[in-house]
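Chemist: Here you go, one structure.
The values are calculated or read from the model by the stated rules, or taken from the named source; none is laboratory data. None of the values given here were measured: they were computed from a predicted structure. All Cβ positions, glycine included, derive from the backbone under ideal geometry; neighbour counts span all protein chains shown.
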Amino acid sequence: MNEMTSMKAPPSNKAEIVDVPFAFRDLVARHSPGGRYIDAQTDVDSPWVPFGENAAIKHLAFDVRSNTFSNILWVKSAGAVGTHLHRGTIVMVCLEGSVRYLEYDWVASPGGLILEVPGESHTLVTDHPDGVKLFGWMQGPIEFYDENGVFVETADVWWFMNHYETYCRENGIAINPKLYL
Ligand SMILES: [Fe+2]
């Protein structure tokens, strides 16, 4: 192996738990929100919540400290999500179908990574007959504007949390504490 590219860590050919001597373990135990697994393939951890006529959102995480929210956006057939302006940073992965923005020249397909940065405004369109499923890890407010460029609404961690909790309340679904970081 090339010295410049090989890792110094030993090869992990043994699957066993090692007792790592981390000095702050007690603090971690007392203060860390903890890592976790959210099942995104079924509705066990989080239901599909209607988002307009042709879309739904599966909420996966809310972190109020950094105004971060994670979800899967499912546009169920060819359609659009109106023009919006980002005040934070967005990471998305196309899971199924395809999606593009009217403002850009690329089309995202399954496995593709989409990065969006503060100050960008754009209009999401899917031309795919089955629409698109997009996993998103999103930070910061998203401002929606109407066709005249007039501000309509801000979607932030509180908006997404309210979207989730309202649906759960109306449908007798228990709020899942795992979604709150
Ligand atoms: Fe966006």
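Chemist: For segment 48-64: of the residues being in contact (Cβ under 8 Å) with a residue 24 or more places away in the chain and either in contact with a Lys or Arg (Cβ under 6 Å, 6 or more places away or on another chain) or in a loop (DSSP other than H, G, I, E, B) (or both), which is surrounded by the fewest Cβ atoms within 10 Å (Cβ to Cβ)?
Modeler: VAL64
Chemist: Scan segment 131-181 for residues that are touching a Lys or Arg at 6+ places or on another chain (Cβ under 8 Å) and under 28 Å from THR83 (Cβ atoms) and jot them down.
Modeler: GLY131, GLY140, PRO141, ILE142, GLU143 - these are the residues of segment 131-181 that are touching a Lys or Arg at 6+ places or on another chain (Cβ under 8 Å) and under 28 Å from THR83 (Cβ atoms).
Chemist: Give the number of residues within segment 139-164 that are assigned to a strand (DSSP E or B) and in contact with a Gly (Cβ under 7 Å, 6 or more places away or on another chain).
Modeler: Qualifying residue count, segment 139-164: 2.
Chemist: Filter segment 139-181 down to residues that are among the polar types (S, T, N, Q) and in contact (Cβ under 8 Å) with a residue 40 or more places away in the chain and give me whichever is surrounded by the fewest Cβ atoms within 10 Å (Cβ to Cβ).
Modeler: Here the residue is ASN171.
Chemist: Select from segment 133-181 the residues that are within 16 Å of the ligand (Cβ to nearest atom), charged (D, E, K, R) and farther than 29 Å from GLY34 by Cβ and list them in ascending order.
Modeler: Scanning segment 133-181 gives GLU143, GLU153.
Chemist: Further question: Tell me which residues, restricted to segment 72-90, are in contact with a Ser or Thr (Cβ under 9 Å, 6 or more places away or on another chain) and within 14 Å of the ligand (Cβ to nearest atom).
Modeler: VAL75, ALA80, VAL81, GLY82, THR83, HIS84, LEU85, HIS86, ARG87, GLY88 - these are the residues of segment 72-90 that are in contact with a Ser or Thr (Cβ under 9 Å, 6 or more places away or on another chain) and within 14 Å of the ligand (Cβ to nearest atom).
Chemist: If you don't mind, another one. Of the residues GLU96, GLU53, which single one is modelled with pLDDT under 95, more than 22 Å from SER121 (Cα to Cα) and either among the acidic types (Asp, Glu) or under 12 Å from the mean Cα position of the chain (by Cα) (or both)?
Modeler: GLU53
Chemist: Take segment 120-132 and flag every residue that is more than 18 Å from PHE51 (Cα to Cα) and within 10 Å of the ligand (Cβ to nearest atom).
Modeler: Within segment 120-132, GLU120, SER121, HIS122 qualify.
Chemist: What pairs come out if I take residues in segment 73-87 that are closer than 11 Å to ILE142 by Cβ and of a type in the set (Lys, Arg) and pair them with residues that are within 10 Å of the ligand (Cβ to nearest atom) and part of a strand (DSSP E or B) whose C-beta lies under 9 Å away, six or more apart or interchain?
Modeler: Here the result reads ARG87/ILE142, each pair linking segment 73-87 to a residue that is within 10 Å of the ligand (Cβ to nearest atom) and part of a strand (DSSP E or B).
Chemist: Look through ASP19, ASP45 and report the one residue that is surrounded by 10 or more Cβ atoms within 10 Å (Cβ to Cβ), on the phi < 0 side of the Ramachandran plot and assigned to a loop (DSSP other than H, G, I, E, B).
Modeler: ASP45
Chemist: From the residues in segment 91-114 that are away from the ligand (no atom under 14 Å from the Cβ) and hydroxyl-bearing (Ser, Thr, Tyr), which one is surrounded by the most Cβ atoms within 10 Å (Cβ to Cβ)?
Modeler: Of everything passing the filter in segment 91-114, SER98 is surrounded by the most Cβ atoms within 10 Å (Cβ to Cβ).
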